[in-house]
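Here is the structure we will look at.
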Amino acid sequence: MSNIDAVNALITAINFDRFAEIEARHNPDVTFSSFRGPAVTSSVGVEDWQRAFLRDYADCNYADIEYIEDGDTVAVRATLEAKGYDWRPFTQRVIEVFAFEAGGVQERRLYAMLPDVELDKTATAAMNAALEFPGGNASQTKKLVGEFYAAILAGDGEAAAGFLDDKSVLIDAVHGVAQGPQNVVALKLGLPKPAFGAERVTHTYAGAKDGCVEIAIDPARPRLADWVRVVEGKINVIESYWMLREIGVAPAARKRHERSAVYPI
């Protein structure tokens, strides 16, 4: 039985500020990690977190939703449309991972790019090509993505470049955009490394044409999620989403200017 319907119901509850339903759709001992941090470990805590989040992300709406369902887990790539602390509209690209158990969300992880990312012509062309591709086989996607990240984590740039399309693009709102296999690999291998520990793939989910890869030092502290788009057996687009607080990037969380009536003197 698919869990995508349950994910859509939860997203609808978030879009319409139905806080009691949001709590009910999470298991009582759920673990929720978000790019704003810190982790929340109860359904009541998730409801409180969502109230604060929707205060800062007023009129929040999930748009451009894409899914990868792999076993009891659904990975979602979406664009949040909201109004910020000063009531100006903004967008923020996110990945959410929902792991289900006994019909409820048992683990949830929310990664994000920085707000208002705009793609140039080359990145837009690569993205459109990936979106138009009808897709292949989920097992082949998982194999391709797994081999690419094994090469990256081993520091083998030459092998990693072989899995990339000639017009491949890496979109990382924190560290920059790279175009072409050599530049994509150089940016991936040049990301700041932690002082202690080593990065490793904690989860990989695959669909017919997309993969989602989670990378962390400590699995209890999620760090990075990449949405990987495959076209005809080659990786075409990689979108990097971070636990921003985990890497020392403070998300905008300024107190909202309260709206009030202005009366004539």
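The values are calculated or read from the model by the stated rules, or taken from the named source; none is laboratory data. Everything numeric here is computed off the predicted structure, so don't read it as measured data. A quick note on method: Cβ atoms are made from the backbone with ideal geometry, for glycine too, and the neighbour counts reach across all protein chains shown. Surface areas here come from the heavy atoms of the whole protein model, side chains and all, with no ligands, DNA or RNA. Shrake-Rupley method; radii C 1.70, N 1.55, O 1.52, S 1.80 Å.
Please turn the phi angles of the range 89-100 into ³J(HN,Hα) values with the Karplus equation 6.51 cos²θ - 1.76 cosθ + 1.60 (θ = phi - 60°), one per residue in order, whole Hz, x for glycine and proline.
Going residue by residue, I get x, 8, 10, 8, 7, 9, 10, 10, 10, 10, 9, 9 Hz, with x marking Gly and Pro.
Looking at the square roots a ≥ b ≥ c of the eigenvalues of the Cα gyration tensor of the range 99-140, which shape do they give, rounded for a/c under 1.5, prolate if a/b is larger than b/c, or oblate?
Oblate shape, in that a/c is at least 1.5 and b/c is the bigger or equal ratio.
Classify the range 1-125 from the C-alpha gyration tensor, please: rounded if a/c falls under 1.5, else prolate or oblate depending on whether a/b exceeds b/c.
It comes out oblate by the Cα gyration axes.
What percentage of the solvent-accessible surface of the chain, computed with a 1.4 Å probe over protein heavy atoms, is contributed by carbon and sulfur atoms?
Here carbon and sulfur together make up 52 percent of the probe-accessible area.
Of Lys209/Lys234; Lys167/Lys209; Lys143/Lys188; Lys121/Lys193, which ones are farther than 21 Å apart at the Cα?
Lys121/Lys193
If the chain between Arg221 and Thr122 were fully stretched, how many nm would it gain, using 0.36 nm times the residue separation less the Cα-Cα distance?
Taking Arg221 through Thr122 to full extension adds about 32.3 nm, to one decimal.
Length gain on complete extension for the stretch Ala195 to Arg88, per 0.36 nm per residue less the alpha carbon to alpha carbon distance?
Computed gain between Ala195 and Arg88 is 34.7 nm.
Once you keep just the Cα pairs under 8 angstrom separated by 6 or more residues, what percentage relative contact order results for the range 68-177?
Reported as a whole number, the value is 17 percent.
Please work out how much length the chain gains when fully extended from Arg51 to Lys167, using 0.36 nm per residue of separation minus the C-alpha to C-alpha distance, in nm with one decimal.
In short, 37.6 nm is gained.
List, in order, the whole-Hz ³J(HN,Hα) value for each residue of the range 39-53 obtained from phi through the Karplus relation with A = 6.51, B = -1.76, C = 1.60 and θ = phi - 60°; use x for Gly and Pro.
Values per residue, Gly and Pro as x: 5, 10, 10, 7, 5, 5, x, 5, 4, 4, 4, 5, 4, 5, 5 Hz.
Calculate one ³J(HN,Hα) per residue across the range 61-70 by plugging θ = phi - 60° into the Karplus curve 6.51 cos²θ - 1.76 cosθ + 1.60, and present them in order as whole Hz with x for glycine and proline.
So the Karplus estimates, Gly and Pro as x, are 9, 8, 10, 6, 7, 10, 10, 10, 10, 9 Hz.
For the pair Asp70 and Asp29, how long in nm is the line joining their label points, each one 7 Å along Cα→Cβ?
Once both label points are built, they end up 2.6 nm from each other.
Leaving ligands, DNA and RNA out of it, rank Ile4, Ile238 by accessible area with a 1.4 Å probe, largest first.
My answer, sorted largest first, is Ile4, Ile238.
I'd like the accessible area for Trp242: 1.4 Å probe, protein heavy atoms, all chains in place, Å² to the nearest 10.
Surface open to solvent at Trp242 totals about 10 Å².
In what order, largest first, do Arg36, Arg221 sit by accessible area if the probe radius is 1.4 Å?
Listed by decreasing accessible area, they come as Arg221, Arg36.
At 7 Å along the Cα-to-beta-carbon direction for both Arg18 and Ala250, put a label point, then send me their distance in nm to one decimal.
Label-label distance for Arg18 and Ala250, simple model: 3.7 nm.
Might you work out the accessible area of Arg93 for me, using a 1.4 Å probe with all protein chains in place, and round it to the nearest 10 Å²?
50 Å²
Determine the order of Ser139, Ser34 by accessible area, beginning with the largest, at a probe radius of 1.4 Å.
Heavy-atom accessible area, descending, gives Ser139, Ser34.
Using a 1.4 Å probe and ignoring any ligands, DNA or RNA, find the accessible area of Val201 and quote it in Å² to the nearest 10.
Accessible area, nearest 10 Å²: 60 Å².
Pick out which of Gly45, Gly71, Gly157 has the largest mean-square fluctuation in a Gaussian network model of the chain, springs linking Cα atoms closer than 10 Å.
Ranking Gly45, Gly71, Gly157 by mean-square fluctuation puts Gly71 first.
Normalised by the number of residues in the chain, what is the relative contact order in percent for Cα pairs under 8 Å and 6+ residues apart?
Relative contact order comes out at 19 percent.
Taking the solvent-accessible surface of protein heavy atoms with a 1.4 Å probe, what is the per residue accessible area of the chain in Å²?
48 Å²
Looking at the range 178-238, which chymotrypsin sites (Phe, Trp or Tyr not before Pro) are in a loop (DSSP not H, G, I, E or B) and have at most 16 other Cβ atoms within 10 Å?
In loop regions of the range 178-238 (DSSP not H, G, I, E or B), the sparsely surrounded chymotrypsin sites (Phe, Trp or Tyr not before Pro) are Phe196.
Could you sort 211-219, 127-135 so that the peptide with the highest average Cβ count within 10 Å comes first and the rest follow in order?
So the order, starting with the most tightly packed, is 211-219, 127-135.
Going by a ≥ b ≥ c, the root eigenvalues of the Cα gyration tensor, does the chain fall in the rounded group (a/c under 1.5), the prolate group (a/b larger than b/c) or the oblate group?
Taking the square roots of the gyration eigenvalues as a ≥ b ≥ c, the chain is prolate.
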